[in-house]
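Structure first, then comments.
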Amino acid sequence: MSSKDCGSHGHRRRKIFRRIFAGILIFLLIVLIIILLVWAILRPSKPKFILQDATVYAFNVSSPNVLTSNFQVTLSSRNPNDKVGIYYDKLDVYATYRNQQITLRTAIPTSYQGHKEIDVWSPFIYGSAVPVSPYNSVALSQDQATGTVLLMIKIDGRVRFKVGTFISGKYHLNVRCPAYIQFGSRTSGIIVGENAIKYQLVTRCSVSL
């Protein structure tokens, strides 16, 4: 076999490899376009969160600028999508007062939420002798004196969306639920046990991804 024949065979092989490679790229591009079209047509909506109630077991401010609190909150999440499921890969719940975190984070177990399904969680969130800023300590004492304290129950997590067999990447989930707690007025809540008061809130939460 001459060198010319060898060069011809090598050229044919390279040509075949290029065609195979181009075919694979075109196939992957078509699959990607189909996924994007399906995703755009279905338009997954964000889950809807509601803060149903909050049970206050402890909420004490002591000097110097220290807060001890213990709550149980009931949160519901609804998947508004008809054909899209939601994976909750990570959910941490905690409370803040005037943008300062006042409790530890409590983890909610991972779960999958099907179409139009509703999940309900009732985690405990608490903080023992948490230092608060002097400004917030004064404001908190004033709010307690007037009888109403606005807390923000927050959820920080990661979610994925499922469309058929396709599962999206992870999205950062931020949920903010305002909770108006009325202290010194037991008529606004239900007495639970000896020292706890349960407040029915039914507050819509803001959700961002």
The chain: angle of helix 3-42 to the longest principal axis, Cα-based, in degrees nearest 10: 30 degrees
Carbon and sulfur %, accessible surface of the chain computed with the full protein complex present, 1.4 Å: 58 percent
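Would you mind working out the accessible area per residue for the chain, using a 1.4 Å probe, and quoting it in Å²?
Numbers: 12430 Å² over 209 residues.
Ligands and nucleic acids excluded, the result is 59 Å² per residue.
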Listed residues Leu29, Leu151, Leu173, most fluctuating in the chain (Gaussian network, C-alpha, under 10 Å): Leu29
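Pairs of Cα atoms under 8 Å, at least six residues apart: use those to get the relative contact order of region 51-209, whole percent. Write out the running numbers ahead of the final one.
Working: 377 pairs, mean separation 43.6, N = 159.
Value for region 51-209: 27 percent.
For every helix of n ≥ 4 consecutive DSSP H residues, a contribution of -39,500 (n - 2.57) applies; sum these over the chain, divide by its total residues, and give [θ] at 222 nm rounded to the nearest 500 deg cm²/dmol. Show your work: numbers first, answer last.
Values: 2 runs with 53 residues, N = 209.
Estimated from H runs of four or more residues: -9000 deg cm²/dmol.
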Angle in degrees between helix 134-146 and the longest Cα principal axis of the chain, rounded to the nearest 10: 60 degrees
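The values are calculated or read from the model by the stated rules, or taken from the named source; none is laboratory data. The structure presented is a predicted model; accordingly, all values stated were derived computationally and were not measured. The accessibility values were calculated without ligands, DNA or RNA, using every heavy atom of the protein model including side chains. Shrake-Rupley method; radii C 1.70, N 1.55, O 1.52, S 1.80 Å.
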